[in-house]
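Structure, as structure tokens:
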Amino acid sequence: MQADLVKAALADILADTDPTRKAAKLASLCSEVFRQRGIDLVVVGGSAIELLTEGAYTSGDLDFCLLNRNAVPLRERQELMGQLQGQGGPRSWQVAGQFVDLLGPLESLARTPLRKLAGPYGLVQIIQPEELLVERILVSVYPQKSVPARQCARKLAAVALGGALGLDWNEVERLARLPEYRIFPECQKVIEEIANELKVKTPFHPHP
């Protein structure tokens, strides 16, 4: 992107007072700047849940992984973040008042497609929500119980069960049963809890 367009975009992001809209705009700008260098980014973690739930959960930072690429050379990372007037590095920067992390190659076992969000400055790719849900439930239990991770999983599940986010529940179950996760009973329990609270049918067979 031309420097004047990036500057205008950053000013727009800084002026926005809605945290989720601000995150979506920054994700769009970062993705486009990297894409023009031939690097595809995918939003992951809590920031992905924030975008997928439209702010039902707020992350406070922006986490990216690399799609189909193992690494970006240090100098290139710093140059690209320099275009965005970023400060810091080499894996975490502050851009337009938000923290942006580049975590490495994308780890995903999901068969469902990446979610795509049309942003004002370019397309945003987001990790599959099925993977996110199972991952958060795993983190909520191992290596020890994590209340924040469980709350995060509950927010994502509630939005999906409420109908605002389409989820492939067969894929959720497949992932949860994989040897890499082995978390289906815990996953089933969380989903049933939310379904009961919302008074909707659970997508899984009732837990015995």
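Data overview
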| item | result |
| --- | --- |
| Residue match in region 192-199 (condition: of a type in the set (Gly, Ala, Ser) and more than 20 Å from the chain's Cα centre (by Cα)) | yes |
| Selected residue (only one of Lys155, Lys199, Lys189 is of a type in the set (D, E, K, R) and surrounded by 18 or more Cβ atoms within 10 Å (Cβ to Cβ)) | Lys155 |
| Inter-residue pairs, beta-carbon under 8 Å, first under 19 Å from Ile127 (Cβ atoms) and in region 162-190, second surrounded by fewer than 20 Cβ atoms within 10 Å (Cβ to Cβ) and of a type in the set (Val, Ile, Thr), 6+ apart | Asp168/Thr112; Glu171/Thr112; Ile183/Val141 |
| Listing of helices (runs of 4 or more DSSP H) fully contained in region 1-73 that carry 2 or more residues being closer than 30 Å to Ser140 by Cα and either of a type in the set (Phe, Trp, Tyr) or not assigned by TED's automatic domain parsing to the domain that holds Ala158 (or both) | 19-35, 45-52 |
| One residue from Leu133, Leu114 being within 15 Å of Val44 (Cα to Cα) and in the same structural domain as Arg21 (by TED's automatic domain parsing) | Leu114 |
| Test result for Gln87, among the polar types (S, T, N, Q), loosely packed, with under 15 Cβ neighbours inside 10 Å and at pLDDT 95 or above | yes |
| Hits in region 40-71 - residues which are more than 21 Å from Ala9 (Cβ to Cβ), touching a strand residue (DSSP E or B) at 6+ places or on another chain (Cβ under 7 Å) and not small (Gly, Ala, Ser) | Val44, Leu52, Cys65, Leu66, Leu67, Arg69, Asn70 |
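The values are calculated or read from the model by the stated rules, or taken from the named source; none is laboratory data. As the structure is a prediction and not an experimental result, all values here were calculated from the model. Positions of Cβ are backbone-derived with ideal geometry, glycine not excepted, and every protein chain shown enters the neighbour counts.
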